[in-house]
1. Between Arg78 and Ala114, 0.36 nm times their residue separation minus their Cα-Cα distance comes to what?
2. Relative contact order (percent) for the chain, with alpha-carbon contacts under 8 angstrom and 6 or more residues of separation?
3. Suppose every Lys and Arg Cβ carries +1 and every Asp and Glu Cβ carries -1, with no other charges. What dipole size does the chain come out with about its Cα centre, to the nearest 20 debye?
4. Measuring with a 1.4 Å probe in the full set of protein chains, what accessible area per residue, in whole Å², belongs to the chain?
5. Please sort 142-149, 4-11, 114-121 by packing, taking for each peptide the average over its residues of neighbouring beta carbons within 10 angstrom, highest first.
6. So if each residue of separation counts as 0.36 nm, and I subtract the Cα-Cα distance between Glu169 and Leu19, what length gain in nm does that give?
7. Stokes-Einstein D for the chain at 25 °C, 0.890 mPa s, Kirkwood Rh over Cα pairs, in µm²/s?
8. For segment 28-175, with all protein chains present and a 1.4 Å probe, just round the carbon and sulfur fraction of the accessible area to a whole percent.
Amino acid sequence: MGKSKKTVQIIILLIVVLLGAYAVVTVAMGKDGVPKVGDQAPDFQLLGMDGKVHSLKEYDGKAKVINFWGTYCPPCVREMPALQNQREKWESQGVEVIGVNVGEDKMTVENFVAQTGVKFPILMDPDRDAVSRYKVGAMPATYFVSSKGEIVNIKIGELDLNTLDNQIEQLVNAK
């Protein structure tokens, strides 16, 4: 019984050492997979409210504001009017606002969109594929992406009209 206990302890120690080594290498090499400012925005393919599958690539050449949200998230709901306002203001200058709904059914999202008058593209991420690619934790999460596909800024939490306007103006000026 003493030998098997020692064997288990050695195996646990090896696992801990290997996990520690993996963590150190991952951090040192910068391969944690989290998109950062300066990285190319990860592509995705998601079903839109229009019934078509959309990818980020179809917005190539446009500056993009990608907002991860849910109706169950009060800050997400509160910032929707500001996102719609900014879409109307900047659309003629090549900026697209893209809403990525996280984990909800189409009927819930359709009802919300109808009530709020949101007109920008809403894409559905029921299986959290895009959330996984972007490593989204807290919401709302907003990614400001240049017309060349580079992440220019990332904001976690509710955005007000002025902050959105300033961030989008920087995107437009960075062309």
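1. Working: separation 36, 0.36 × 36 = 12.96 nm, distance 1.53 nm.
Difference between extended and current length: 11.4 nm.
2. On the way: 274 pairs, mean separation 49.4, N = 175.
For the chain, the relative contact order is 28 percent.
3. On the way: 20 positive and 21 negative charges, 191 e Å.
Roughly 920 debye, rounded to the nearest 20.
4. Values: 9890 Å² over 175 residues.
Per residue, the chain has an accessible area of 57 Å².
5. On the way: 142-149: 20.4, 4-11: 9.6, 114-121: 13.8.
In decreasing order of mean packing, 142-149, 4-11, 114-121 become 142-149, 114-121, 4-11.
6. Numbers: separation 150, 0.36 × 150 = 54.00 nm, distance 4.35 nm.
Here the segment from Glu169 to Leu19 would lengthen by 49.6 nm.
7. Values: Rh = 17.8 Å.
Approximately 138 µm²/s, per Stokes-Einstein.
8. Values: 3510 of 7280 Å².
The nonpolar share, carbon plus sulfur, comes to 48 percent.
The values are calculated or read from the model by the stated rules, or taken from the named source; none is laboratory data. Since the model is a prediction, treat every value here as computed from it, not as a measurement. In this analysis, Cβ positions are derived from the backbone assuming ideal geometry, glycine residues included, and neighbour counts consider all displayed protein chains. Remember, those area values only see protein heavy atoms, side chains included, never the ligands or the DNA or RNA. Shrake-Rupley method; radii C 1.70, N 1.55, O 1.52, S 1.80 Å.
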